[in-house]
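This report concerns only the one structure given below.
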Amino acid sequence: MLLDQNYKELKDLAKKFSDSEVAPLAMKIDHEASIPTELVKKLGETGFLGTFIPEEYGGAGMDYMDYSIVVEELSRNCASTGVLVSAHSSLCMWPILNFGTEEQKKKFLPRLASGEMIGCFCLSEPNAGSDAGSLTTFAEDKGDHWELNGVKNWITNGKEAGIAIVFAKTRKTDDYKGISVFIVETDSPGWNIIKIEDKLGIKGSSTAQIALDNVKIPKENLLGPIEKGFRVAMATLDGGRIGIAAQALGIAQGAFDYAKNYSNERIQFGKPISSLQGLQFMMADMSTKIAASRLLIYDASQRKNMKIPFSKQSAHAKLFASEAAMWVTTKAIQICGGNGYTKEYPVERYFRDAKITEIYEGTSEIQRVVIAANELKGK
Ligand code: CAA
């Protein structure tokens, strides 16, 4: 797809960084289930941890298209690195930028945008996944501070995070009403990591279960209006879903590129298997799904930049790109045959990494709920 010069330059820069700094580490990140701190430091130095944060708050001063492009290019080589950047940026920094007071922005954004601290987003709980409004973590008003108690699940970046966006009820209700949001510094006493999940894919990205035991939160760390936290969660996830769509796109592109090169080198029946029409048709469909994913992601990103409604478009992008990534990575293994099924080749990693994109930040079924609800309301 044709890109404006600025986006093209950023894409070239992100591609170069990803191929030189991320690709050589991708297999090690998967095997060791950890992203080297040196790589995170380099992401901060290049500005990739603060793409859409204005320069006055220590960011790169770019926009949401730039962010999507960076997440795609990183994920093309390593989906764990892609989601570290995505969750940190769209789920932690964006709500502070959009709903925070001037003091909150000045205090937290420069530390996050530089990579001095990584961010996470604590919405889900053991019994509150797709039904996020049913969460039970409670924040009690103690006069001069809030006190948080509860358990949070599936927290991307939970191991590394210095700053967390935490959703808790400040009034006991059975539904989403009564949810408020807090900025929590994870060195606060009572912030306890109970478990790091052992997962099928994105092994380098930490997924934590966190217990909040009487965590004291300063009054000034309430983010946005009290008891309007569900709106903050939904608006944040609208943007976050574009990032996951971009991650899925990067995974699909990486698997496709590998399978295409393999098909040119693999000789069977006396010629490269890429000359077989059965494979060519497979590659044509892979290429088409990748191109369509990219268009949906760019459309949702540009709408977000223009501050026009984009809930439906971000759900379109996430639904389509994640299902395309699963399909494309399955075909990439098929093209690489027995070799593709082994851990010596990277396509099995792309296949394992793709699956989560159909689950986190709203399952494919939740994306369909969001799309249908918008359509029925005529949006
Ligand atoms: N933007 C702003 N506000 C929104 C909104 C949006 N896109 N969508 C809904 N709202 C508001 C509504 O206006 C309404 O607010 P008011 O009552 O104040 O008017 C309120 O939210 C409730 O709206 P709905 O009745 O439509 O909400 P619902 O209860 O039916 O739930 C849902 C809708 C789509 C199912 C929602 O619960 C949802 O998205 N669930 C999935 C949660 C999810 O994605 N979880 C992933 C967590 S993050 C993660 O994966 C971990 C990680 O670290 C990566």
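The values are calculated or read from the model by the stated rules, or taken from the named source; none is laboratory data. Bear in mind the structure is a predicted one, so any value in this text is a computation, not a measurement. When we count neighbours, we look across all protein chains shown, and the Cβ atoms used for this are built from the backbone with ideal geometry, even at glycine. Please note that ligands, DNA and RNA were not included when accessible areas were found on the heavy atoms of the full protein model with its side chains. Shrake-Rupley method; radii C 1.70, N 1.55, O 1.52, S 1.80 Å.
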Given 20 °C and 1.002 mPa s, how large is the Stokes-Einstein diffusion coefficient of the stretch 15-72 in µm²/s, with Rh as the Kirkwood radius over Cα pairs?
174
Sorting check: for 239-249, 261-271, which peptide has the highest mean count of neighbouring beta carbons within 10 Å, and how do the rest follow?
239-249, 261-271
Dipole of the stretch 5-118, Cα-centred, from +1 at each Lys and Arg C-beta and -1 at each Asp and Glu C-beta, to the nearest 20 debye?
100
Rounded to two decimals, the Debye log10 I(q)/I(0) of the stretch 113-189 (Cα scatterers, no solvent) at q = 0.21, 0.26 Å⁻¹ is -0.94, -1.25
Nearest-0.05 FRET efficiency for Lys172 and Glu103 at R0 = 25 Å, using Cβ-Cβ distance, is 0.25
Using a Förster distance of 45 Å, the FRET efficiency for Asp144-Lys195 (Cβ separation, nearest 0.05)
0.85
What does the extension gain come out to for Lys42 and Lys307, with contour length at 0.36 nm per residue minus their alpha carbon separation?
92.3 nm
If you put +1 on each Lys and Arg Cβ and -1 on each Asp and Glu Cβ, how big is the dipole of the chain around its Cα centre, in Debye rounded to 20?
740
In whole angstrom, note down how far apart the Cα centers of the stretch 94-124 and the stretch 231-306 are.
31
Residue-normalised value, i.e. accessible area per residue, for the chain at 1.4 Å probe, in Å², stands at 43
Would you work out what percent of the accessible area of the chain, with all protein chains in place, is carbon or sulfur (probe 1.4 Å)?
54
Give me the number: length gained by fully extending Glu365 to Asp213, i.e. 0.36 nm times residue separation minus the C-alpha to C-alpha distance, one decimal in nm.
51.4 nm
Of Met326, Val347, Gln313, which is farthest towards the positive pole of the stretch 300-379's charge dipole, taken about the Cα centre with +1 and -1 on the beta-carbons of Lys, Arg and Asp, Glu respectively?
Gln313
Going by accessible area, probe 1.4 Å, with all protein chains left in place, what is the ranking of Ser130, Ser89, largest first?
Ser130, Ser89
Which residue, chosen from Tyr262, Ile251, Gly119, occupies the Cα position most advanced towards the positive end of the dipole of the chain, where the dipole is computed from +1 (Lys, Arg) and -1 (Asp, Glu) charges on Cβ about the Cα centre?
Tyr262
Given charges at beta-carbon only (K, R positive; D, E negative), |dipole| of the stretch 120-229 in Debye
160
Accessible-area value, Trp146, 1.4 Å probe, nucleic acids and ligands omitted, Å²
20
Pairwise FRET efficiency - Trp327 versus Ala33, Cβ, R0 = 22 Å, nearest 0.05
0.25
Quick one: among Lys307, Lys42, Lys15, which has the greatest mean-square fluctuation in a GNM of the chain with alpha-carbon springs under 10 angstrom?
Lys307
Using a cut-off of under 13 Å, list every residue of the stretch 46-69 whose amide N is near the label point 7 Å from the Cα of Leu3 along the Cα-to-beta-carbon line.
63-69
Projected area, mean over directions - the stretch 231-376, Cα convex hull, nm²:
9.3
Give a residue-ordered list of calculated ³J(HN,Hα) values for the stretch 312-326 (Karplus: 6.51 cos²θ - 1.76 cosθ + 1.60, θ = phi - 60°; whole Hz; x for Gly, Pro).
5, 5, 6, 5, 4, 4, 5, 4, 5, 5, 6, 5, 5, 4, 5
Report the Cα centroid-to-centroid distance between the stretch 313-379 and the stretch 1-21 in angstrom, as an integer.
23
Rounded to the nearest 10 Å², what accessible area does Asp141 have for a 1.4 Å probe in the complete protein model?
90
Any chance you could run the full-extension gain for Gln277 through Lys377? It's 0.36 nm times the residue separation minus the Cα-Cα distance, nm to one decimal.
31.5 nm
Starting from the 7 Å offset along Cα-to-Cβ, what nm value, one decimal, do you get for the label separation of Ser134 and Phe269?
5.4
On average, how much area does the Cα convex hull of the chain cover when viewed from any direction, in nm²?
18.7
Using the charge dipole of the chain (Lys, Arg: +1 at Cβ; Asp, Glu: -1 at Cβ; taken about the Cα centre), state which of Ala235, Leu43, Cys92 has its Cα farthest towards the positive end.
Ala235
